[in-house]
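**Q** Just dropping this structure here.
The values are calculated or read from the model by the stated rules, or taken from the named source; none is laboratory data. Values in this document were obtained by computation on a predicted structure and should not be read as measured data. Here the Cβ positions follow ideal geometry from the backbone for every residue, glycine too, while neighbour counts run over all protein chains shown.
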Amino acid sequence: MRYRLTFVVGLALGYVLGTRAGRERYEQLRKTARQVSQNPAVRNTAESAAQQGRQFAGKAYHVVSEKVGDRVPDSVSERVRSLRERNGHGTTRTADDWGTTTNT
């Protein structure tokens with residue numbers, strides 16, 4: 001309930017500020033966001049965070065796999081396996097939607 005209330009308050013606040021600021025303010029915020037996202041320091045930090053997240057996810061996967069073992073239903077195992085095969089296992093680096101590089 002708390003999160004729902006927070007969401008509704010945020011939605012109402014955004015609506016009020018949006019209607020008062022108008023299109024000009026929206027374009028100004030959009031331009032600023034684009035400039036920040038194109039900053040090399042921000043891009044490097046985002047890529048580092050993404051790489052650390054992938055490493056953490058890989059470690060967590062192995063820890064969970066060891067603890068869960070054969071208790072995972074076959075349907076879940078097959079689904080995970082098919083998703084991993086679809087995404088590839090090589091070491092080629094490709095850009096993702098956020099402009100960071102991923103190992104596939």
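**Q** Among the residues of the stretch 27-48, write down those that are of a type in the set (Asp, Glu) and under 15 Å from the mean Cα position of the chain (by Cα).
**A** Of everything in the stretch 27-48, just one residue is of a type in the set (Asp, Glu) and under 15 Å from the mean Cα position of the chain (by Cα), namely GLU47.
**Q** Only residues that are closer than 27 Å to SER37 by Cβ, at pLDDT 80 or above and small (Gly, Ala, Ser): list them for the stretch 47-104, please.
**A** Listed by number, the residues that qualify are SER48, ALA49, ALA50, GLY53, ALA57, GLY58.
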